[in-house]
Amino acid sequence: MDVERTSLPGIGLRHMFTTRRGRQLGVVSHRTGRRDVVIYDKEDPDSCVVSVELTGEEANGLAELLESDRVVERLAELHRQVEGLVTEQIPVPAGSPYAGRPLADTRARTRTGASIVAVVRHGEVIASPRPDFVFATDDVVVAVGTGDGTAAVADIFSSG
């Protein structure tokens, strides 16, 4: 899928793509953090048919909703393709040495060979958390790797 990026002077940036059925959709990212999801007229691609204004928080929520199913789909596909690959859901318990600390501090990938691919917080999936993502008690960490690697990630969150 090709995404066209257009600078909008004084406003921000527009990302637009065309669906398989020929509809053009876009997201206008304002410098203020606001996002507009737009659907363009099929007959006149310069005219907007529908525009939905989202706050930064609403845009992040929508992105998480759209991405969360894709993470699960990708993991399921990896399981089918790679023998020995496992996925573990690891709770961050009260008293964990990494509650309140960023992902980078765990050095999980370097120490275990397993990757932290998502975190579930209050029922919401945070896919591909960044190194500065800060863990909280009761988060559920989704780790992918060998059985030994994911067990070692669990050890990191329980005892350091």
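The values are calculated or read from the model by the stated rules, or taken from the named source; none is laboratory data. This one's a predicted model, so the numbers in the text were calculated from it and none came from an experiment. Here Cβ is always computed from backbone atoms with ideal geometry, including for glycine, and neighbour counts include all displayed protein chains. In case anyone asks, the SASA skips ligands and DNA or RNA and just uses the protein heavy atoms, side chains included. Shrake-Rupley method; radii C 1.70, N 1.55, O 1.52, S 1.80 Å.
Some notes on this structure:
- Label sites at residue 57 and residue 39, each approximated as a point 7 angstrom past Cα along Cα to Cβ, lie 2.7 nm apart.
- Chain lengthening between residue 6 and residue 89 when straightened (0.36 nm per residue, less Cα-Cα): 25.9 nm
- Measure of compaction for the chain (Cα Rg per 2.2 N^0.38 Å): 1.30
- Solvent exposure of the chain as accessible area per residue, Å², 1.4 Å probe: 64
- Note on exposure: 43, 53, 88 ranked by accessible area (1.4 Å probe, complete protein assembly) read 43, 53, 88, with the most exposed listed first.
- Gain on full stretching of the segment that runs from residue 134 to residue 65 - 0.36 nm per residue minus C-alpha separation: 22.8 nm
- The chain - percent of accessible surface contributed by carbon and sulfur, probe 1.4 Å: 51
- Sorting 21, 121 on solvent-accessible area from highest to lowest, probe radius 1.4 Å, gives 21, 121.
- Between residue 30 and residue 111, the C-beta separation translates, for a Förster distance of 41 Å, into a calculated FRET efficiency of about 0.50.
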